[in-house]
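Everything on this sheet refers to the single structure shown next.
The values are calculated or read from the model by the stated rules, or taken from the named source; none is laboratory data. Since this is a predicted model, take the numbers as computed values, not measurements. Using ideal geometry, Cβ is built from the backbone for each residue, glycine included, and neighbour counts are taken over all protein chains shown.
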Amino acid sequence: RNIGLAKSRVRTLNFRRANFQLFKELLDGIPWETVLKGIGAEQSWQLFKDTLLRAQELSIPQQKKLSKGGGQPAWPSKDLQLKLKKKREMYRKWKQGCVAWEEYRGVVGMCRDRIRKHKAQMELNLVRDGKNNKKGFYRYIGRRRQSKESVPPLINEKGELASSDMEKAEVLSKCFASVFTGGRASHVCQDPEPLGEGERSGIPPTVTVEQV
């Protein structure tokens, strides 16, 4: 029986071989004002999404997704990985009583020192080659960041504070839907009063409505 033996093949977009000129022509050739006239926000979004995905399929090829090493740090070299493997083996032998504690601690200290030096050298190389390897530099910075920025609390058209994820999503959804309905557009704006250096405003962004 061959059930369950099929392997999943994940594919991603290959932007290096994309034909962006064709992608632009496919979208520019559609009279959006005429096509979207008289239909609701949901239908407009679905039509735009289907058209965008169709243009993407025709102009951007796909490729097999490459593995990124299972979440390993960006800096270990082949030699350092062998040292870490030796440290794990020494730990197992110490737990089994085959080696002394001092011998195991010596290997741990050597690995820690090698890791610090190798990491410092890798970061120095990233800084020196930042202009030629911007992708690698920002990838490393992104992995080092512990927290990600989130959407701040918003004030809806009723003047109520939207702090939960669901409430903020509803406020932003109404702003997006207003683009396609009624000729009125909403936008999220900050407090217009300028802030001094190092100061932060305690007033959350508000959603206002303007006539288009």
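Every residue, every condition in (1) modelled with pLDDT of 90 or more; (2) among the small types (Gly, Ala, Ser); (3) within 22 Å of the chain's Cα centre (by Cα); (4) within 30 Å of residue 116 (Cα to Cα), yes or no:
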position	(1), (2), (3), (4)
19	yes, no, no, no
25	yes, no, no, no
36	no, no, no, no
40	no, yes, no, no
49	yes, no, yes, no
54	yes, no, no, no
62	no, no, yes, no
68	no, no, yes, yes
71	no, yes, yes, yes
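Are there any pairs, at least 6 apart or on different chains, whose C-beta atoms fall under 6 Å, with the first in the range 34-47 and outside the structural domain of residue 179 (by TED's automatic domain parsing) and the second among the polar types (S, T, N, Q) and assigned to a helix (DSSP H, G or I), and if so, which?
Partner pairs satisfying both residue conditions: 36/44.
Return yes when residue 179 is under 20 Å from the mean Cα position of the chain (by Cα) and outside any helix (DSSP H, G or I) and no when it is not.
no
May I ask you to say which residue of 134, 168 is touching a strand residue (DSSP E or B) at 6+ places or on another chain (Cβ under 7 Å), of a type in the set (D, E, K, R) and modelled with pLDDT of 65 or more?
Selected residue: 168, the only one of 134, 168 that is touching a strand residue (DSSP E or B) at 6+ places or on another chain (Cβ under 7 Å), of a type in the set (D, E, K, R) and modelled with pLDDT of 65 or more.
Can you list residue pairs whose Cβ atoms sit under 9 Å apart, with the first residue in the range 18-33 being assigned by TED's automatic domain parsing to the domain that holds residue 51 and the second being surrounded by 13 or more Cβ atoms within 10 Å (Cβ to Cβ) and outside any helix (DSSP H, G or I)? Count only pairs 6 or more apart in sequence or on different chains.
What qualifies is 18/60; 18/61; 19/60; 19/61; 20/60; 23/60.
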